[in-house]
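Peer 1: One structure coming up, written as structure tokens, with questions to follow.
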Amino acid sequence: MRGNFASTRLSASAPLDSPFEVDQYSPVVKHHGTRTALSFELIPPRNSTDSAKLDELIQGLAAYHPDYVSVTSSMRSDWLAGTTALIERIASTTDLRPIAHLACTAGPKVELEGWIRQLIDVGVRGFLALRGDLQPGQTSLPEGYLPYATDLLNLINKVQEEEAFRLAAGKLALSVACYPSGHAESKHFDHDLDVLLAKQRLGADFAITQLFFDASDYLEFVEVARLAGVRIPLIPGIMPITSLARAKRMGELSGLQVPETVEKRLASATSPEEEYELGMELSAELTRTILDAGTGGLHVYTHNNLAVTRDLLGRVGIQQP
Ligand code: FAD
């Protein structure tokens, strides 16, 4: 929930010369009555058992012909070495378009620059530029590291210019994170909006949201962002809820509390199967509300679970073609 954040404000930095009427670029990606834009988040394998299951997952997701897949980057999966290896595997075995998550926390600026070039080498044509999470007690990143996602956008833009030969067929897709329920460190919702506007000015093509538990958090966020001058698509990141414990864990990692209504509904289950069913129905309800409001795209946090991803998509009427 967005808590005490103000929800109506025209940002001082909103562009004044937009050729569009506000309602022409609201809401999000327009649903043109064709198909729902679809993308999936994948996590690089953390061990050989995970790795053995990957081909089935990749092929299963590819059957939906997603617009792109994004590959996370974290310490647990060997930072960008893990991201690069999975992207290489995707690029060499499928025609999926992979986007690499790139976090400032993954290494000093000079190392990140090398990784960007290496990722372009293995076939990446897009990045999700992130700051990454600080460690408990940490207030900023060490010297030599880029402090914010906006600095990373600048670095990617610089490399993109220098690599124009290899990108002759087009530009890198630049995406960023955004937060319908506010970023955990943010003092005020307006600040989040200003950061998102700065990302847009630096060339972000679209933003993917953090998970959220209430459809209205997303829809109100989009409305306020549009009023503030954000024109890029704000693609809802959907997390399938498979249990209360998992929802709490994911909420914790994102600095969010599971709302009482969700907690009560899941806690009423008398078996793990019933809990799964209630959670998935909540996730489907949230997704249907968002799609019914005219949102044209979904980004599913798959957690590398093909069965759960298929189940969610089936519940909202998205079948494999
Ligand atoms: P920023 O946009 O840099 O913002 C970080 C904080 O600093 C915010 O509070 C912001 O308001 C503030 N801020 C930003 N710019 C400035 C400025 N110039 N001056 C002052 N304050 C500023 N993390 C990973 O480690 N690996 C992943 O693969 C990963 N994938 C993600 C995918 C999605 C879709 C999302 C939503 C998040 C993901 N994250 C991932 C988590 C993300 O790294 C964290 O949420 C992180 O805390 C913030 O990242 P950011 O890119 O939004 O940071």
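Peer 1: In segment 254-269, is there at least one residue being among the acidic types (Asp, Glu), touching a residue at least 24 places away in the same chain (Cβ under 8 Å), surrounded by fewer than 17 Cβ atoms within 10 Å (Cβ to Cβ) and in a helix (DSSP H, G or I)?
Peer 2: no
Peer 1: Now for a different question. Part of a loop (DSSP other than H, G, I, E, B) and away from the ligand (no atom under 14 Å from the Cβ), is that true of ARG288?
Peer 2: Considered against the rule, which asks whether it is part of a loop (DSSP other than H, G, I, E, B) and away from the ligand (no atom under 14 Å from the Cβ), ARG288 comes out as no.
Peer 1: Among all residue pairs at least 6 apart or on different chains, which show Cβ distances below 6 Å where the first residue, located in segment 53-75, is acidic (Asp, Glu) and the second is within 13 Å of the ligand (Cβ to nearest atom) and not in a helix (DSSP H, G or I)?
Peer 2: ASP67/SER39
Peer 1: Looking at this structure, is PRO136 more than 14 Å from THR209 (Cα to Cα), in contact (Cβ under 8 Å) with a residue 24 or more places away in the chain, surrounded by fewer than 21 Cβ atoms within 10 Å (Cβ to Cβ) and of a type outside the set (Phe, Trp, Tyr)?
Peer 2: In short, no.
Peer 1: Does any residue of segment 113-124 turn out to be under 21 Å from HIS299 (Cβ atoms) and under 18 Å from the mean Cα position of the chain (by Cα)?
Peer 2: Checking segment 113-124: at least one residue is under 21 Å from HIS299 (Cβ atoms) and under 18 Å from the mean Cα position of the chain (by Cα).
Peer 1: Just checking, which of ALA177, ALA204, ALA225, ALA184 is closer than 26 Å to SER283 by Cα, within 16 Å of the ligand (Cβ to nearest atom) and in a loop (DSSP other than H, G, I, E, B)?
Peer 2: Values: ALA177 fails: in a loop (DSSP other than H, G, I, E, B); ALA204 fails: closer than 26 Å to SER283 by Cα; ALA225 fails: in a loop (DSSP other than H, G, I, E, B).
Sole residue among the options that is closer than 26 Å to SER283 by Cα, within 16 Å of the ligand (Cβ to nearest atom) and in a loop (DSSP other than H, G, I, E, B): ALA184.
Peer 1: Among the candidates ARG249, ARG310, ARG231, single out the residue that is surrounded by fewer than 20 Cβ atoms within 10 Å (Cβ to Cβ), among the charged types (D, E, K, R), part of a loop (DSSP other than H, G, I, E, B) and at pLDDT 95 or above.
Peer 2: Residue meeting the stated conditions: ARG231.
Peer 1: Just one of LEU141, LEU96 is in a loop (DSSP other than H, G, I, E, B) and closer than 21 Å to VAL71 by Cα; which is it? Outline the logic, then answer.
Peer 2: Numbers: LEU141 fails: closer than 21 Å to VAL71 by Cα.
Exactly one of LEU141, LEU96 is in a loop (DSSP other than H, G, I, E, B) and closer than 21 Å to VAL71 by Cα, namely LEU96.
Peer 1: Here is a further query. Look through segment 60-79, keep the residues that are near the ligand (Cβ under 10 Å from one of its atoms) and buried (at least 22 other Cβ atoms within 10 Å of the Cβ), and return whichever of them is farthest from the chain's Cα centre (by Cα).
Peer 2: Only one residue tops the list, namely SER73.
Peer 1: I would also like to ask the following. For segment 170-183, state whether one or more residues are in contact with a Ser or Thr (Cβ under 9 Å, 6 or more places away or on another chain) and polar (S, T, N, Q).
Peer 2: yes
Peer 1: Right, another one. Name the single residue that is farthest from the ligand (Cβ to nearest atom) among those in segment 207-221 being small (Gly, Ala, Ser) and in a helix (DSSP H, G or I).
Peer 2: If we take residues in segment 207-221 being small (Gly, Ala, Ser) and in a helix (DSSP H, G or I), then SER216 is farthest from the ligand (Cβ to nearest atom).
Peer 1: Among the residues of segment 35-70, write down those that are assigned to a helix (DSSP H, G or I) and hydroxyl-bearing (Ser, Thr, Tyr).
Peer 2: SER48, THR49, SER51
Peer 1: Within the group ILE99, ILE120, ILE90, which residue is more than 13 Å from the ligand (Cβ to nearest atom), buried (at least 21 other Cβ atoms within 10 Å of the Cβ) and not hydroxyl-bearing (Ser, Thr, Tyr)?
Peer 2: Details: ILE99 fails: more than 13 Å from the ligand (Cβ to nearest atom); ILE120 fails: buried (at least 21 other Cβ atoms within 10 Å of the Cβ).
Of ILE99, ILE120, ILE90, the one residue that is more than 13 Å from the ligand (Cβ to nearest atom), buried (at least 21 other Cβ atoms within 10 Å of the Cβ) and not hydroxyl-bearing (Ser, Thr, Tyr) is ILE90.
The values are calculated or read from the model by the stated rules, or taken from the named source; none is laboratory data. Everything numeric here is computed off the predicted structure, so don't read it as measured data. Cβ atoms come from the backbone with ideal geometry, glycine included; neighbour counts cover every protein chain shown.
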